[in-house]
Structure formats: structure tokens, C-alpha cells
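Q: I am attaching a structure below and will ask some questions about it afterwards.
The values are calculated or read from the model by the stated rules, or taken from the named source; none is laboratory data. Since the structure is predicted, the reported quantities are computational estimates derived from the model, not experimental observations. Here the Cβ positions follow ideal geometry from the backbone for every residue, glycine too, while neighbour counts run over all protein chains shown. Side chains included, ligands, DNA and RNA excluded: accessible areas come from the protein's heavy atoms. Shrake-Rupley method; radii C 1.70, N 1.55, O 1.52, S 1.80 Å.
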Amino acid sequence: MPSPIAFVSRMNAQTEAVWKDALCAAMPEEKILSFSELSGEQKRTVEFAIVANPDPADIAALPGLTWIHSLWAGVERLVLELGSKAPPIVRLKDPELSRVMAEAVLAWTYYLQRDMPAYRENQQKALWHEFDYRHPREMTIGLLGLGALGTAAAERLLHAGFNVAGWSRSAKAIEGVETLTGDDGLQGLLEKSDILVCLVPLTDATHGLLNAGRLAAMKEGAALINFARGAVIVADDLIAALHSGQLSHAVLDVFEQEPLPAASVFWQHPKVTVLPHISAPTSRESSAKIVAGNIRTWRETGVLPETIDMTRGY
């Protein structure tokens, strides 16, 4: 009988139970125990853990871990809290997550392209006014990040008729997309984007990436969508760019503190649309199947799935 799998999270008991049920259904041959259910001996000998933002102290209490599988695609919190001495970490790579994110990118791009914020403002003023229609071919959508999520978003935007450009840390090639890299490439992306969509992981290199200087480099009146992490954008600099008219609107789904505090200026700002981190919710069924498949491969071959680079942070 293989050793049990530890499920370590900071979820409340009810949510953790739902996730554990999904994982057990996807791999009935495995015994999955919540951290609180592990005996002292099991904590010493368990080899593998499935995690969802676990308490670092709980991971430290499992000295025999050979690797960790995260239930989430974003792993910056794991990297920060577990540090360089952590066992190898596998992050979730789910095509369904990419599909849902691409869907959200297109939906909120349409929201901005069709001037929905302005029409909403006019409704509040009882103002009947028609804005000129902007055809997708007249607009360039800039994607900040061309990983799996950015690539899927690019394909969806291209199909909708938008011009698409994208920037990534390392050079990429995507048919139909102008791909850029390096500082000069980032500057070029900012200058040409009518709507900039943030999809980069949060790392030391991307923390505060969109600051006052880079926001000033954007087209006057451009709009911004942040589906990455809140800390990618300097909040005060974004507010200043919106106040000055440098940016016309920002759709924000992620924030440095979540839930967003009631006192945040973002809630009532007329040029900001606040979303409660809903752009790409993780599917329990889909992610459980992917985790199960990776574990079966490891059991059968001893080969780990691709692990994250702790130096890069993803």
C-alpha cells in the first residue's frame, strides 16, 4: 500500500472537505488525508502533498516530502513562504483554466472596446449619447505575459478580429501576434496598446512593473485590465494616471489585499471596475483530474512533472 497523500491547505473545513472529495473521486486508489488527520508517524513518512496555500509550519512538519503539487496556477505565495529549501513544487497547468481566462480577457476587452463604462456613466446622468463605434481591427490589445494564459487569450482575441501584440520575459513566437521581449519590447508594447492586459506571474522582476513611468509611456486614453496580481501595478501611480486622463479606465480583478477593503479608493472610483478575483476560477473537477494524472505517472515511473524554478518564482 503506497503512503498516504497529505492534503495541506488554509481553507476552512467545509471548503477543504469539498476539494478533498473531488481529489478522492479522481484517484480512488489513493488514500488522501488532511494534515489534521495525519498521525505522528504518517507526518514523518508521507512522501507527497497536495497543497492550497498551506501554512509553512505544516509543510515543515512533513520532513519526508519529495515533492508538492499545488492546486493553483499561481505559486508566488508558495515560493515566498516556503523558500529555497522547499521540496520541488509542481503548479497546476490546466487547459480549462486557460480557456476560462481567455474567455474573461475577451469579455472585458469587449467591455472596454464598446465603451460600456462610459454608457454606464451616461445612464447615471440620464444622458442619451452615442459614441463612435471602434472596430476590433482598429485596436491593438497588448498582452503583458505570453505563457499558457496569454497564448490562449491571444488566440481568442485574434479570432475576434483584434490586433494583438504581446510581451514576455523570454522570446516567444505566436502566429499572428507581434511578440516582444526585453525593456525595449516592453516600451513598444506600452506605446502601441489601446488596451493592456496584465497576465504575468508575480515575481521580484514584475513586482511594481507598471509604475508611474511605464503608465506614462502608454497611449493617452488607453485602458488597462489586470488579471495577474495586484502588486504588478503600483496602485497610487494607477490612480494618478486615471485622474490625469492618461488612462481612461482600469478593470481590476486582483489586489494586494483581498478581499479589497471597503475603504479602498478603487470601490467608488468612476474610472475603475472592481471584480472579486473571478476572471479564471479553478475547476475542482478539471484540476483534480490533472493532479491525479500527474500522481499516477509519478507512481508508475518515478518521474516528476515539470517543477517550478524557485529562482524565477514560477
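Q: Rounded to the nearest 0.05, what FRET efficiency do Ala240 and Asp21 give with R0 = 51 Å and r taken as the Cβ-Cβ distance? Could you check?
A: Details: r = 47 Å, r/R0 = 0.93.
E between Ala240 and Asp21, to the nearest 0.05, is 0.60.
Q: Hey, got the dipole for the chain? About the Cα centre, +1 on K and R Cβ, -1 on D and E Cβ, debye to the nearest 20?
A: So the magnitude is around 200 debye.
Q: For region 150-272, state the semi-axes of the equivalent ellipsoid (square roots of 5 times the eigenvalues of the alpha-carbon gyration tensor), sorted largest first and rounded to whole angstrom.
A: Those come to 24, 15, 15 Å.
Q: Still on this structure, I have one more. Can you give the longest stretch of the chain with no exposed loop site, where a site means GluC sites (Glu not before Pro) in a DSSP loop (not H, G, I, E or B) with at most 15 other C-beta atoms within 10 Å? If you can, show how the numbers build up before the last one.
A: Working: sites that count: Glu29, Glu130, Glu175, Glu220, Glu256, Glu306.
For GluC sites (Glu not before Pro) (loop position, at most 15 other Cβ atoms within 10 Å), the longest site-free span of the chain is 30-129.
Q: Could you tell me the distance between the Cα centroids of region 109-128 and region 158-224, to the nearest Å?
A: That distance is 25 Å.
Q: Report, by chain and number, residues whose modeled amide H sits under 5 Å from the one on Gly208, excluding near sequence neighbours (fewer than 5 apart, same chain).
A: When sequence neighbours closer than 5 places are left aside, the close amide H contacts are Val232, Ile233.
Q: Right, here's the next one. Within the chain, count lysine pairs with alpha carbon atoms under 22 angstrom apart where the residues are 8 or more positions apart or belong to different chains.
A: 14
Q: Just tell me the longest site-free run in the chain, where the sites are trypsin sites (Lys or Arg not before Pro) in a DSSP loop having at most 16 other beta-carbon atoms within 10 Å.
A: 135-311
Q: Using all Cα-Cα distances in the chain, what percent lands in each 20 angstrom bin from 0 up to the longest?
A: Per 20 Å bin, starting at zero, the Cα-Cα P(r) for the chain comes out as 30, 51, 18, 1 percent.
Q: While we're on this one: Identify which of Gly230, Gly150, Gly176 has the largest mean-square fluctuation in a Gaussian network model of the chain, with springs joining Cα atoms closer than 10 Å.
A: Highest fluctuation of the listed residues: Gly176.
Q: Taking θ as phi - 60°, what are the ³J(HN,Hα) couplings along region 112-122 by the Karplus curve (6.51, -1.76, 1.60), each to the nearest whole Hz, with x for Gly and Pro?
A: 7, 4, 8, 6, 4, x, 5, 5, 5, 5, 5
Q: Mind listing the Cα extents of region 82-142 along all three principal axes, in Å, largest one first?
A: 60, 28, 20
Q: Still on this structure, please answer the following. Largest first and in whole Å, give the semi-axes of region 24-152's equivalent ellipsoid, each being the square root of 5 times a Cα gyration tensor eigenvalue.
A: Values: eigenvalues 437, 50, 41 Å².
Semi-axes, largest first: 47, 16, 14 Å.
Q: Now for a different question. Rounded to the nearest angstrom and ordered from largest down, what semi-axes does the equivalent ellipsoid of region 219-314 get from its C-alpha gyration tensor (root of 5λ)?
A: With the √(5λ) rule applied to region 219-314, the semi-axes are 38, 15, 12 Å.
Q: If I model a spin label as a point 7 Å beyond the Cα along the Cα-Cβ vector, how far apart are those points for Ala126 and Arg312 in nm?
A: 5.7 nm
Q: If you filter region 247-281 for chymotrypsin sites (Phe, Trp or Tyr not before Pro), then keep DSSP loop positions with at most 14 other Cβ within 10 Å, what is left?
A: Here the sparse-neighbourhood loop sites are Trp267.
Q: Counting pairs of alpha carbon atoms under 8 Å apart in space and at least six apart in sequence, what relative contact order in percent does the chain give?
A: Working: 537 pairs, mean separation 51.1, N = 314.
Value for the chain: 16 percent.
Q: What is the sum of charges, Lys and Arg at +1 and Asp and Glu at -1, for the other residues whose Cβ falls under 11 Å from the Cβ of Arg99?
A: Net charge around Arg99: -3.
Q: Please give me, ordered by residue number, the chymotrypsin sites (Phe, Trp or Tyr not before Pro) of region 120-164 that lie in loop per DSSP and have at most 12 other Cβ atoms within 10 Å.
A: Trp128, Phe131, Tyr133
Q: To continue, here is another question. Take the solvent-accessible surface of the protein heavy atoms, probe 1.4 Å, and return the percent of it on the chain that carbon and sulfur atoms account for.
A: Numbers: 8020 of 15460 Å².
Carbon and sulfur together cover 52 percent of it.
Q: Output ³J(HN,Hα) for region 54-64: one whole-Hz value per residue in order, computed from phi by the Karplus curve 6.51 cos²θ - 1.76 cosθ + 1.60 with θ = phi - 60°, and x for Gly and Pro.
A: Once rounded to whole Hz, the list reads x, 5, x, 5, 5, 5, 5, 7, 10, x, x.
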